[in-house]
Amino acid sequence: MSQFVTIFYALAVACYAAAGLLLLAFFLWRKGWLSAFGVPLAIAGLASQAAAIAAEALATGWSPTSNLYDSLSLFVAFTVLLYLIFARQYNLWYLGGFVLLVGDFFLAYAGTWNEGYRPLVPSLQSYWLAIHVPTVVASYAAFTLAFCTSVLYLIKFYLERSHSGGSPMSMGLQPAAAGAGSTGAMAMATFVAQRTGNTVQDETPGLALAAAQGDTIATWLMGIPTLAKLDVITYRIVAVGLPLLSLGIIMGAMWAKEAWGAYWQWDPKETAALVCWIIYLAYMHLHTRNQWRGERTSWIAVVGFVAVIFCYLGVNIWISGLHSYKV
Amino acid sequence: MATATERLSTVQALYAEFIDTFGNVLFAVSLLAVWGVMTLIGVVIDQGKDPAAYFNEYPAQLARAVLRLGLDHIYHSYEYVGLIGLILVSLTVCTFKRVIPARLPPLRPVLVDKIPLHAFIEANGSEGEVRARLEGFFAKAGWHIRRKVFNGVEWTFADKHNWARRGVLVAHLGFAIIAAGTTLYWLKGFSGAVAILSGQTVQIPQNGDMLTVHSFNYTIKPTQTRGGLVYQPVDYVSDLTAASASGATTRNLLRVNHPLEFDGISYYQASYGYGVRFDLTQAGHPVAGVPATPMFEGDAFPVGPTGRSIQYSQFVGTIDPRSPSGVGADPRPFNPGVVVTVLDGEQPLGQEIIPLGRAVDLGGGYRLEPVSYRLYSGIEYRHDPGVPLVGLGALVLVAGVCISFYFLPARLFVRLEGEGDRWMVGLAAQTPKGYTMFEEQFAALVASLQRSEEATVS
Ligand code: HEM
């Protein structure tokens with residue numbers, strides 16, 4: 001059985017790498033065939049990862065989330081799954097290059113933590129292991145995706161700023177055909193509509209103009225949703241991640257109550273998860289304010305992701321505690 | 001002297017200032033930011049350690065700063081608890097000043113084409129028919145319809161998920177309930193830990209319950225991993241009797257993850273260890289001051305009047321001369337021994353592994369022998385009357401977050417313009433979360449309305 005796990009795992013790493021490169025190329029060149037190959041390869045990677053996880057679960061008779069290898073592998077599977085769901089819903093296929101390559105890096109890194117099967121220590125022998133860990137890890141996956149869309153937002157935002165010599169227009173609300181009638185603006189509006197299919201006019205006129213004049217980077221960026229839409233997409237992904245993280249922390253507390261007596265012990269891991277929760281809570285609250293939506297909330301999603309990685313890997317590796325997989 | 005009216009207006013001004021500050025989301029986010037930073041400090045800096053541990057870990061200046069600023073117990077500091085209090089105040093003010101007052105725009109006439117989310121579609125039929133069709137369409141799609149006349153012009157308004165505006169209230173309430181549950185524990189709860197040797201009975205100081213551990217057992221499974229052979233603990237179990245002051249008793253097997261609820265207290269199998277009994281003699285005579293009962297790891301006793309003491313530092317299941325430290329990987333007591341530390345006052349002078357049953361010469365005629373061991377069970381207990389509240393709060397909080405995220409309150413403004421049988425229906429939509437958030441749903445709604453109108457007209 002462990003042979004199957006190894007083969008499926010290696011296959012998944014290879015599929016994600018190939019899919020990531022193809023989708024990165026798709027992001028750069030927008031050739032349909034690149035995504036036509038890349039997306040099925042990503043799905044194949046996910047399928048073989050699912051097979052590896054299932055084979056391991058069968059072999060151990062336990063939910064395969066008992067060490068950092070298992071959990072990282074699950075994290076990557078959730079990240080790819082969420083990416084596929086969101087990409088289908090919001091046409092985000094171009095994001096695949098980033099998501100899959102980041103995911104593949106983590107999956108390859110997970111392999112270095114694979115020490116083979118070990119029976120579970122008493123505190124891990126609980127049905128909570130099968131519920132709490134996947135829930136938290138799924139929230140991390142959502143935050144990873146939100147990080148990717150936020151980075152894209154910020155790239156587009158700052159490039160618009162540099163192309164227009166000032167700040168971008170406030171998001172989504174202004175008719176981009178301000179000054180319509182001039183040939184440049186008309187060309188720009190037509191170009192935007194052709195590239196993006198956006199009906200609400202774009203708020204990145206500097207980029208649109210540059211794209212219409214043949215600027216390659218601007219052309220890439222005009223092919224992705226408007227800033228306002230990217231912001232909403234990030235919000236929707238956080239809207240998946242935050243309830244999952246809340247649930248995950250709560251379930252962890254319930255488990256802790258069962259295993260250690262107290263539902264909260266200020267253990268570094270649970271406390272770091274609380275820090276992540278606070279950051280995304282701040283994100284959510286700032287998002288209710290018009291002026292704070294966009295650039296600043298995107299930065300918060302980036303900071304949130306750094307906190308998530310610190311909580312996930314940093315605490316396990318550098319700070320030991322009740323949760324550390326090393327003990 | 002300030003007159004009563006002046007004093008009143010100062011109070012009113014202060015109150016207004018307070019409401020303004022605490023009702024501002026940016027103030028709330030600043031509090032959250034401080035909360036996040038303080039919490040993070042506690043992750044990075046080990047909490048609740050001995051002062052010496054900080055001097056070991058950090059440069060002296062930093063260690064002093066950590067201790068002076070109380071960063072070694074940040075979560076129980078007045079600052080931290082006070083901050084949570086401020087968050088609760090801010091949350092309450094915000095909820096009642098911002099959230100509960102309607103967040104959707106009022107029912108009023110609007111310039112439909114000035115609202116970014118708008119559309120016009122043609123409809124045929126008398127005004128009454130068209131309005132009835134529109135209302136039927138929206139009602140079927142789950143919209144709540146209201147009509148109002150402004151300056152003689154009739155408007156139709158349609159609301160969806162208006163109730164979901166209360167999601168914020170629910171989420172905030174959840175947080176407040178959790179805070180209440182935690183406070184209840186501080187006021188009325190207690191907790192602690194006891195180490196009970198097999199065969200020993202111990203009293204819980206807070207409520208007088210007696211705990212007897214008849215025996216303690218563990219299972220360790222040697223497992224071959226890629227990194228080598230590991231000795232994995234897979235089960236700890238205490239055979240335990242609990243007796244309350246009122247005379248009720250229960251005998252149970254206590255395992256990790258399976259707490260025992262008895263007399264309002266939860267008991268947990270937390271850890272285990274080896275109690276060790278020592279003999280200390282000088283010139284063949286027993287030395288006073290050595291405990292007659294087995295000692296736990298960390299305990300110490302004096303070496304006569306020398307000013308030195310012996311600390312029982314660690315139990316070694318298997319002494320392995322091949323390993324550099326002498327401690328074998330197998331924790332089970334196959335070739336057992338103990339690590340003892342000789343202390344001069346507080347100062348450690350040296351450590352040694354002594355096999356069980358073997359006496360070693362300490363000099364000055366003193367001989368030390370670890371005589372025997374007995375397993376003990378580490379049991380934690382907790383009485384926490386706040387748990388039901390915390391659980392309820394958690395549930396309410398998640399429900400509130402989900403309602404706020406997944407049900408977007410929206411309001412449609414519907415205006416008919418035209419005459420006779422030809423009408424132009426103007427539609428505009430607003431939500432409390434901006435226009436882009438509703439763009440796709442609006443487009444789908446308009447397309448579907450368009451199709452339904454076309455079907456009706458043809
Ligand atoms: C520092 C204390 C807090 C204050 C002052 C505060 C205040 C607010 C305000 C004013 C809003 C509505 C903003 C608007 O739509 O205009 C809001 C939204 C919300 N708050 Fe809080 N809040 C606090 C803490 C919390 C906590 C601890 C939670 C726990 C989950 C929470 C959950 C929510 C949710 C779910 C929303 C809705 C967000 C959305 O619809 O996107 N808040 N908060």
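Descriptive notes on the structure:
- Each Lys and Arg adds +1 at its Cβ and each Asp and Glu adds -1 at its Cβ; summed about the Cα centre, the protein assembly as shown shows a dipole of about 1240 debye.
- Three-way shape call for the range A:256-322 based on the alpha-carbon gyration tensor, with the a/c threshold at 1.5: oblate
- Rounded if a/c under 1.5, otherwise prolate or oblate - the range B:278-371, Cα gyration tensor axes: prolate
- Ordering B:432, A:277, A:235 by Cα displacement along the dipole of the protein assembly as shown toward the positive end leaves B:432 in first place; charges were set at the Cβ atoms of Lys, Arg (+1) and Asp, Glu (-1).
- Close amide-amide hydrogen proximity is noted between residue B:214 and B:199, B:239, B:240, B:241, each under 5 Å apart and 5 or more residues distant or on a separate chain (H modeled in the peptide plane; Pro and chain starts excluded).
- Spin-label pair residue B:261-residue A:37: with each label point 7 Å from Cα along the Cα-Cβ axis, the two points sit 6.1 nm from one another.
- Amide H partners (placed H, <5 Å) of residue B:258, local residues excluded: B:269
- Multiplying the residue separation of residue B:12 and residue B:349 by 0.36 nm and removing their Cα-Cα distance gives an extension gain of 114.5 nm.
- Environment charge at residue B:196 (Cβ cut-off 12 Å; Lys +1, Arg +1, Asp -1, Glu -1): -1
- Placing +1 on the Cβ of every Lys and Arg and -1 on the Cβ of every Asp and Glu, with nothing else charged, gives chain B a dipole about its Cα centre of roughly 760 debye.
- Cross-link pairs B:160/B:433; A:156/B:160; B:49/B:188; A:156/A:229; A:269/B:188 - those with Cα-Cα distance over 22 Å: A:156/B:160; B:49/B:188; A:269/B:188
- The range B:366-405 residues near the modelled residue B:251 label - backbone nitrogen below 19 Å, point 7 Å along Cα→Cβ: B:377
- The protein assembly as shown: C-alpha gyration tensor shape, a/c 1.5 cut-off, then a/b vs b/c: prolate
- With R₀ set to 22 Å, the beta-carbon distance separating residue B:92 from residue B:163 gives a calculated FRET efficiency near 0.55.
- The charge dipole of the range B:278-371, taken about the Cα centre with unit charges on the Cβ atoms of Lys, Arg (+1) and Asp, Glu (-1), comes to about 160 debye, rounded to the nearest 20.
Only the coordinates and a few stated rules stand behind these numbers; no lab work does. The model shown is predicted, which means the values in this text are computed figures rather than measured ones. Every residue, glycine among them, receives a Cβ derived from its backbone with ideal geometry; neighbour counts consider all protein chains shown.
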